[in-house]
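To start, the structure itself, in structure tokens.
The values are calculated or read from the model by the stated rules, or taken from the named source; none is laboratory data. Because the structure is predicted, anything quoted here is derived from the model rather than measured. Glycine also receives a Cβ, built like all others from the backbone with ideal geometry; neighbour counts cover every protein chain displayed. For accessibility, only protein heavy atoms count, side chains too; no ligands or nucleic acids. Shrake-Rupley method; radii C 1.70, N 1.55, O 1.52, S 1.80 Å.
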Amino acid sequence: MAQLRRLKEQSALSYRQLERTATRNGDVLPASTLATALNRGTLPREDLLTAFVRACGADPADWVATRRRLERGIPPGTPTATDPNATAATAPDEAAAEPEVPAASRASDRAPRLLLRGVLTGMAVLTAVTVVAILAVPGFFSFRHASNADATTGSCQGQDLRMDTATGECWGVSGGTTAFTPSSRPLADVVKVIDQQNRTGAADHLRQPERPYVTLAYVGALTSRDSFPTTLVAERETLEGIAAAQRLSLERETPGAPLVNVLVVNGAAGMAHGVEAADLLARWPRGTGASGPPAIGVVGLDQSRTQTLRTIREFGRQGVPMMAAALSADQFASASPMYFQVAPQDRWAAAVDTAFLTAGDGAGARSVRIYASADPDDLYSRNLTADLRAALAAKGVAVQQAAFRPAFSRPGGPPSADGAGATACGYPGTVYYAGRAEDFGDFLNGIYSTCGDTPPRILTDDDITRYVADPRLRGMYRSVPFHYTSFAIAPQTCEQGAGNTFYATLDTLFPFECDGNEGRSLDGHAALGYDATLTMLTAIENLGPSATRAGLARALGGLRIGGAASAPITIGPDHVPVRKMVAILTVAHGRPPTLEGSCGDSAPDEARWCADAPGLP
């Protein structure tokens, strides 16, 4: 293992850098799992070995051949037809065939020159058995996910596009089919569909001038600085829901039905450039060469972070009405009188979670340990934790709180999500994960690797629907079941949604969502994106062709949407839904989620424990 650790040191790449390199290759190589693998020694699957070798810049063909020989029980030193002139980097059999010479001693003679970010010095040769041990860890995963991988899917050339030279992200207002980079290819395909519908709307406006013709802007974090395959699934599906609402409105062919032009605006990862993007949108379309009415409102928004709060305040300063799709932090509703949302607030979700946790008589109902992100900019984690503590205290539940260091944060301080998961072993109560989806896999890995067959009871919140969204991730830690909160539940198959107008439209526009390799995510973000847009369009239709931003903000107050895809919505006086449905689901053995129960005025059949929720709004 000393040679293995030396390989890591000489590569000059961190675990996260190796992970990102694998993603650019179309593979997944989780950093925390790779770190755990340094202490394991069983034979990995073939695709796992391929992912790691390729991330190191080497040709995996010979390494794979060696793995197959080991799997068949053929000793590494058995002669093969390997080219005798091949280097140890591409012929692991040859390296293993000389056991009398220590690998480290042969380094100067056969040091492989692997391409790791262009230049790498000679490295010590590993035996085949040692190399395959790098990836040998139960639950370690590496699959091709080109549809979700960071990829260059467009350019950053346009009047309202900007490049962040530090991160390489293209942000701003997309023009036509321009996709932001780095992004995902399915997301770029969704942008193209929206652009096609924008062209249809413009043509219909000339043919039907009596119909209101408006521009709505989707604003979100459409680029990523990490390699997590969950990162852009929710954003993509939110845009799909917006596109479905746009299509259905275009097809109505009635005088009052709005014709909607949708702008796609990227605020960059973490909404780092959200405020600047808002300024660009305020000037659109002046000086861009684009056509269409100025944006009457904003839909979507993304991630409950400090930068998101600043973006909301900036739009409020400009007098632009906003309808957030999935934001839930309590403080957003008071940030601007122009702000509205279709998702429940954290305080309502915390009340439902508390009712669910305390419904039984076991230890999980008497004590809860909350694991929260140490990121000071993560308003979601901080706000949810505070709401949970208050709701649990009201029921007399003992609460502990533990912090973890999220991915890509500075070393030091609290443990990583993986390390935090390991500390949950043996806890007799309920473990509540109040972090982000991108760290949840690491948290589960810590539990899986440390707790054995006795994982703690786990509950987590709606952000984890982005993790559950990917069936391949959902199946990684089959022996670690967990419950999670959801604001919307999608049909598990396209056949189940065929009778619903929204889902039928969604599947027609984006047939890859019915593909067996991708599949519907189950996370409900498409429904929330649809509901946010439908709410805006309903208010605009009520106002007629003379709709203004100020008038739209007034019309949104108290609006009821019975045909919402997630659940019926009534916008209350504080600009958030009144007792909207919140569901609790369970993931076990990697299977699709199962419903435990739901609470709220719009829940089809309230669970018996809903009545015990403290402080219900």
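Between Thr548 and Cys425, how many nm apart are label points set 7 Å from Cα along the C-beta direction?
Between Thr548 and Cys425, the label points sit 6.5 nm apart.
Need the full-extension length gain, Glu596 to Gln208, defined as separation in residues times 0.36 nm minus the C-alpha distance. One decimal, nm.
Here the answer is 134.9 nm.
Kindly provide the trypsin sites (Lys or Arg not before Pro) of segment 347-451 that DSSP labels as loop, not H, G, I, E or B, and whose Cβ sees at most 11 other Cβ atoms within 10 Å.
The qualifying sites: there are none.
Filter the trypsin sites (Lys or Arg not before Pro) in segment 270-310 down to the DSSP loop ones having no more than 13 other Cβ atoms within 10 Å, then list what survives.
For trypsin sites (Lys or Arg not before Pro) across segment 270-310 that sit outside H, G, I, E and B with at most 13 neighbouring Cβ atoms in 10 Å, the list reads Arg286.
With the crude spin-label approximation of a point 7 Å out along Cα→Cβ, what separation in nm comes out for Arg478 versus Ser367?
3.3
Determine how large the accessible area of Cys514 is when every protein chain is in place; take a 1.4 Å probe and give Å² rounded to the nearest 10.
60
So between Ala282 and Arg252, what do we pick up on full extension, going 0.36 nm a residue minus the alpha carbon distance?
That works out to 7.9 nm of additional length.
So, R0 is 51 Å and r is the distance between the beta-carbons of Lys395 and Arg317; what FRET efficiency does that work out to, to 0.05?
E(calc), rounded to 0.05, equals 0.80.
For segment 442-597, what does the alpha-carbon gyration tensor say about shape, rounded, prolate or oblate, given a ≥ b ≥ c as the root eigenvalues, a/c under 1.5 as rounded, and a/b over b/c as prolate?
Here segment 442-597 falls in the prolate category.
Rounded, prolate or oblate: which fits segment 301-389, taking a ≥ b ≥ c as square roots of the Cα gyration tensor eigenvalues, rounded meaning a/c under 1.5, else prolate when a/b beats b/c?
Here segment 301-389 falls in the prolate category.
Positive end of the dipole of segment 374-524, charges at C-beta (+1 Lys, Arg; -1 Asp, Glu), about the Cα centre: which of Asn383, Gln401, Pro511 has its Cα farthest in that direction?
Farthest towards the positive pole: Gln401.
Rounded to the nearest 0.05, what FRET efficiency is calculated for Ser334 and Asp47 with R0 set to 41 Å and r the Cβ-Cβ distance?
The calculated FRET efficiency here is 0.25.
Multiply the residue gap between Arg560 and Arg68 by 0.36 nm, knock off their C-alpha separation, and tell me the result in nm, one decimal place.
Stretched fully, the Arg560-Arg68 segment lengthens by 171.0 nm.
Can you work out the Karplus-derived ³J(HN,Hα) for every residue in segment 313-318? Use 6.51 cos²θ - 1.76 cosθ + 1.60 with θ = phi - 60°, whole Hz, and x for glycine or proline.
Using θ = phi - 60°, the values come out as 5, 5, 4, x, 4, 7 Hz.
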